[in-house]
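Data first, discussion second: the structure below is written as structure tokens.
The values are calculated or read from the model by the stated rules, or taken from the named source; none is laboratory data. For clarity, every value in this text was computed on a predicted model and none was experimentally measured. Positions of Cβ are backbone-derived with ideal geometry, glycine not excepted, and every protein chain shown enters the neighbour counts. The protein model used for the area step is the full one, side chains on, heavy atoms only, and it has no ligands, DNA or RNA in it. Shrake-Rupley method; radii C 1.70, N 1.55, O 1.52, S 1.80 Å.
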Amino acid sequence: MPVMQIGALGDIHGEFDTVHDIMGRHPEVPLWVQVGDIASNDGGYFAPRRPLYWIKGNNEDFDVIAEAIAGQPPAETLHYLPNGGVYAVGPWKVAALGGTFAPSWYHTSASMLPPSRGRRTASTQMKLGKSRDDKRRHFVRSEVLACKALTGIDLFLTHEAPRPFYPTGRRIDTGKTAINEVLTAMRPRLHLFGHHHEFTDSVRQGVRSIGLDLVTKSYLLIDADTFRCERIDT
């Protein structure tokens, strides 16, 4: 029997041609997962050549995400995974906690997170979600509790990192305790995250936890049965 592999991509940030090239190199890989921040800074999305299962980052058009939740995805091959649920992705059971942590909004209901109050700025230096001050980019406590109650999960996808996480050259721990709490309760076979654009491979709460590069740097191929991970330079 041939080995089934599933691909995993880090933050895309509008590098759609790179994703097409990666998928084109691996026609044997039937589907891919992704840890958020697909959109370009002008809010654009794309139609990948293979099914791509994605979670929200903070650099998204959250109106597009709202439409995806309502059953109108930006493309037939883009499958959005809302926070707190269990999803069948190939042979795996996958759970998601997309978005970033904000203490001032953590105890808000997800449905009450306010959308942007204005248009995107013209600046290409500021991330899309922040430029519109859209609070829907955050995850909230109720979603964390929903994730903690899940069992039998193969893959847990988050945008934020668990603690401790020190990005290269920094002395401040940018990881989030909520991620560690979910890992402790859920015990998935594998955890993948993005946001920091830096490849890391560690163990958190007894769970292998891999931080993914930007897609322009590298990506993963994962054995669907054994969860053996191969990092490939883009």
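The table for this structure:
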| read-out | value |
| --- | --- |
| Verdict on Thr108 being surrounded by fewer than 21 Cβ atoms within 10 Å (Cβ to Cβ), in a loop (DSSP other than H, G, I, E, B) and modelled with pLDDT under 95 | no |
| Criterion: out of contact with any helix residue (DSSP H, G or I) (no Cβ under 6 Å at 6 or more places or on another chain), more than 26 Å from Cys147 (Cβ to Cβ) and open to solvent by less than 40 Å² (accessible area, probe 1.4 Å) - qualifying residue of Ala68, Ala8, Ala75 | Ala75 |
| Any chance Gly84 is within 18 Å of Leu157 (Cβ to Cβ) and outside any loop (DSSP other than H, G, I, E, B) | no |
| Residue under evaluation Pro27, criteria (1) closer than 22 Å to Lys217 by Cα; (2) in a loop (DSSP other than H, G, I, E, B); (3) open to solvent by less than 20 Å² (accessible area, probe 1.4 Å), criterion not met | (3) |
| Checklist (1) at pLDDT below 95; (2) over 25 Å from Gly14 (Cβ atoms) applied to Leu128, failing item | (2) |
| Test: residue in the range 45-52 that is within 22 Å of Asn83 (Cα to Cα) and within 12 Å of the chain's Cα centre (by Cα) | yes |
| Pair list, Cβ < 6 Å and 6+ apart or interchain, from the range 20-40 residues that are in contact (Cβ under 8 Å) with a residue 40 or more places away in the chain to residues that are of a type in the set (A, V, I, L, M, F, W, C) and assigned to a helix (DSSP H, G or I) | Ala39/Leu128 |
| One residue from Ser209, Ser202 being in contact with a Pro (Cβ under 7 Å, 6 or more places away or on another chain), modelled with pLDDT of 95 or more and polar (S, T, N, Q) | Ser209 |
| Options Val203, Val182, Val215, Val207: the member that is crowded, with 19+ Cβ neighbours inside 10 Å, touching a strand residue (DSSP E or B) at 6+ places or on another chain (Cβ under 7 Å) and free of Cβ contacts under 8 Å to residues at least 60 places away in the same chain | Val207 |
| Evaluation of Asp42 against (1) surrounded by 14 or more Cβ atoms within 10 Å (Cβ to Cβ); (2) modelled with pLDDT under 95; (3) not basic (Lys, Arg) (one fails), failing number | (1) |
